[in-house]
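**Student:** Below you will find the structure I want to go over with you.
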Amino acid sequence: MLNKISILYRKVWNTDIVKVFSLTFVSTLVKMLTGLISVKVVSVIIGPVGIALLGQLNSFSTIIMSLASGGINNGVTKYIAENSKDNQTVKDYISTAFKITLYCSIVSGIFMIIFNQFLSVIIMRSSEYGYIFIILGLTVFFYALNNLLLSILNGFKEFKIFVKINIVNSIIGLIFSLCCVYFWGLTGALISAVTYQSIMILITIWMLLKVYWIKVDYFKEKFNSTISKKYFHYTLMAFVSMATIPVSQLIIRGHVISNISATEAGWWEAMNRISNMYLMVITSSFGVYYLPKLSELKEQNEIRNEVFKAYKVILPTLCIGFVIIYFLRMFIIKILFTPDFYPMEQLFIWQLLGDFFKISSWLLGFLMIAKSMTKAFISTEIIFSVLFVILSFLLIKLNGVVGITQAYMINYIVHSLVMVIIFRKIIFVKE
C-alpha cells in the first residue's frame, strides 16, 4: 500500500504542471505576503470607503491596460510558444506586437489626459481625482511595455527568469505602494495603483539584459499585416473581457455605493482582494504553464489528457485550501483589516464556492484562448457578465451585499456547465 502511494506521489510530482506549480510557488508566496501587508496597511489608513474607491480605479486600470496593449498579450505568448525555434518569425511577431502596443498606448494616454475630469466623475463619482487619470495617461505606455515583455518571456517558457522578475517586482511594488500610502494617504494609494507597474519596467529590462531577444533587432522589423490579423482575434477577446468583467464590477460596485453604502461596497472589494490573493497560486500557473502548453498541443487526446491532468492536481488542492480559508475567515479578516470589516465574514462561503466553480470552468475556458476560439469566447464573456449583473441586482434586493457573492457563485456554476457542453468532444473523446 505504501509502495503504491509512493509510486503515485512520484508520478504526480514529476508531471510538468506540478513542476511549474513548485517553481511559481515561491514567487506566488512572495506576492501573497506583499499583498497581505499592502492590504492591511491600506485598509488601516484609508478604511472601507477608500478601499471601494481604490477598487473602482483598479477596475478602470484593468480596462485601460487592455486597451493600451491592444489586447494582444495572450496572443503574443501563444505565437511565440508555437514559433520559438524560428528566429525570423519570432522577430516578426515581437516587432508587430511592439508597434501595436506603442500605437494603442499613445491613443489611450491622450484620451485619459483630455477627458480626465469626465473619467473622474464617471469612475470615482467625484471631479477631484482628474489628476490620477492624467498621471495614468502619461505612464500607460511603460505599463503596457512591461506586460508585453513578460508575455514574450512566457512564450519562450523562461520560467525561472519569469519567477525572479515577479519576486523582485512584488517586493519593489510593495515598498513603493507603502511609501505612497504612508506619506499621502488615499491620494498616495491611488497614485501608486496607476504608476507602480510603470516603474517596474526598469526592473524587468534590467533583469532581461542577458536574454537574446531583448536586443533592438527584435523590435525594429516592419509591421506585418498578416501577423496583426492573427493578433486581432486576441484583441477582440481581450476587449470583450475588458468591456465585461471590469465593467460589470464597476456597475455593481457603483450600485452598492449609490443605493446601500460605500462601506458595504468596501467589504465586497475587500473580499475580492482576498479572493485574488489565494487564487494567485492557480492563475499564475495558468499563465506560465497552461496557456503555452495548450497552444502547442494539436491532437484532441493530448489536449484531453492535459486538461484532466490539471483537474487532478488543481481541484483537490482548491478543496483543501478553501476549507482551511473558510474556518480561518475571522482570523484572516482580523489580520488583514480593521474591525470595520468584520461583517464581511458572511461573504466567504459564497465567494469560496464561486471561486471553486470559476477555476473549474477556466480549466476548459483557457482552450478558447489557446485555440483562438474568438466567437465562443466573446459570446460566453458577454452572456455571463450580463447574467452576473442581473443576478447581483436581483439578489442585492433580497440579501444586500451578500447577494453579490451568491450571484457570483450561481454565475460560475452555470458557466462550468456551459464549458462542459462546448468542449464535450474533447472531454468525452475516446482514447
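The values are calculated or read from the model by the stated rules, or taken from the named source; none is laboratory data. Note that this is a predicted model, so its numbers are computed, not measured. Glycine gets a Cβ as well: all are built from the backbone with ideal geometry, and neighbour counts include every protein chain shown. Surface accessibility is based on the protein's heavy atoms, side chains included, excluding ligands, DNA and RNA. Shrake-Rupley method; radii C 1.70, N 1.55, O 1.52, S 1.80 Å.
**Student:** For region 259-274, name all the residues that are in contact (Cβ under 8 Å) with a residue 12 or more places away in the chain and closer than 15 Å to Gly50 by Cα.
**Tutor:** Ala262, Thr263, Glu264, Ala265, Gly266, Trp267, Trp268, Glu269, Ala270, Met271, Asn272, Arg273
**Student:** Only helices (runs of 4 or more DSSP H) wholly contained in region 289-372 count here; list those with 1 or more residues that are farther than 22 Å from Ala407 by Cβ and either modelled with pLDDT of 85 or more or β-branched (Val, Ile, Thr) (or both).
**Tutor:** Fully inside region 289-372 and qualifying: 300-327, 329-336, 348-370.
**Student:** Sticking with this one: Being crowded, with 17+ Cβ neighbours inside 10 Å and over 23 Å from Ile427 (Cβ atoms) is the filter here; which residues of region 347-373 pass it?
**Tutor:** Selection gives Leu347, Phe348, Trp350, Gln351, Leu352.
**Student:** While we're here: Every residue in region 215-245 that is of a type in the set (A, V, I, L, M, F, W, C) and either touching a residue at least 24 places away in the same chain (Cβ under 8 Å) or part of a loop (DSSP other than H, G, I, E, B) (or both), please.
**Tutor:** The answer is Phe219, Phe223, Ile227, Leu236, Met237, Ala238, Phe239, Val240, Met242, Ala243, Ile245.
**Student:** With respect to Ser192, is the statement that it is over 20 Å from Ala144 (Cα atoms) and among the polar types (S, T, N, Q) true? Break it down into steps so the answer makes sense when it comes.
**Tutor:** Details: over 20 Å from Ala144 (Cα atoms): no; among the polar types (S, T, N, Q): yes.
No; evaluated as a whole, the condition is false for this residue.
**Student:** From the set of residues in region 202-213 that are surrounded by 13 or more Cβ atoms within 10 Å (Cβ to Cβ) and in a loop (DSSP other than H, G, I, E, B), which is nearest to the chain's Cα centre (by Cα)?
**Tutor:** Filtering region 202-213 for residues that are surrounded by 13 or more Cβ atoms within 10 Å (Cβ to Cβ) and in a loop (DSSP other than H, G, I, E, B), the one nearest to the chain's Cα centre (by Cα) comes out as Leu208.
**Student:** Out of curiosity, is Ile303 free of Cβ contacts under 8 Å to residues at least 24 places away in the same chain and either aliphatic (A, V, I, L, M) or open to solvent by less than 10 Å² (accessible area, probe 1.4 Å) (or both)?
**Tutor:** Numbers: free of Cβ contacts under 8 Å to residues at least 24 places away in the same chain: no; either aliphatic (A, V, I, L, M) or open to solvent by less than 10 Å² (accessible area, probe 1.4 Å) (or both): yes.
It is false that Ile303 is free of Cβ contacts under 8 Å to residues at least 24 places away in the same chain and either aliphatic (A, V, I, L, M) or open to solvent by less than 10 Å² (accessible area, probe 1.4 Å) (or both).
**Student:** A further question on this structure: Looking only at region 48-64, which residues are open to solvent by less than 20 Å² (accessible area, probe 1.4 Å) and either within 17 Å of Tyr129 (Cβ to Cβ) or modelled with pLDDT of 75 or more (or both)? Spell out how you get there, then give the answer.
**Tutor:** Filtering region 48-64 for residues open to solvent by less than 20 Å² (accessible area, probe 1.4 Å) gives 48, 50-52, 54-57, 59-61, 64.
Within region 48-64, Gly50, Ile51, Ala52, Leu54, Gly55, Gln56, Leu57, Ser59, Phe60, Ser61, Ile64 qualify.
**Student:** Quick one: which residue in Met330, Met368, Met344, Met277 is of a type in the set (A, V, I, L, M, F, W, C), in contact (Cβ under 8 Å) with a residue 12 or more places away in the chain and touching a Gly at 6+ places or on another chain (Cβ under 6 Å)?
**Tutor:** Only one candidate passes the filter, namely Met277.
**Student:** Follow-up. May I ask you to verify whether Ile252 is closer than 18 Å to Leu54 by Cα, open to solvent by less than 30 Å² (accessible area, probe 1.4 Å) and either part of a helix (DSSP H, G or I) or free of Cβ contacts under 8 Å to residues at least 24 places away in the same chain (or both)?
**Tutor:** So Ile252 passes the test.
**Student:** Among the residues in region 214-230, are any farther than 30 Å from Ile46 by Cβ, buried (at least 16 other Cβ atoms within 10 Å of the Cβ) and in contact with a Leu (Cβ under 9 Å, 6 or more places away or on another chain)?
**Tutor:** Within region 214-230, one or more residues are farther than 30 Å from Ile46 by Cβ, buried (at least 16 other Cβ atoms within 10 Å of the Cβ) and in contact with a Leu (Cβ under 9 Å, 6 or more places away or on another chain).
**Student:** If the requirement is being surrounded by fewer than 16 Cβ atoms within 10 Å (Cβ to Cβ), within 27 Å of Ile252 (Cα to Cα) and modelled with pLDDT under 75, which of these qualifies: Lys19, Lys11, Lys40, Lys4?
**Tutor:** Matching residue, one of Lys19, Lys11, Lys40, Lys4: Lys40.
**Student:** Can you pull out every residue in region 65-87 that is out of contact with any Phe, Trp or Tyr (no Cβ under 8 Å at 6 or more places or on another chain) and among the hydroxyl-bearing types (Ser, Thr, Tyr)?
**Tutor:** Ser69, Thr77
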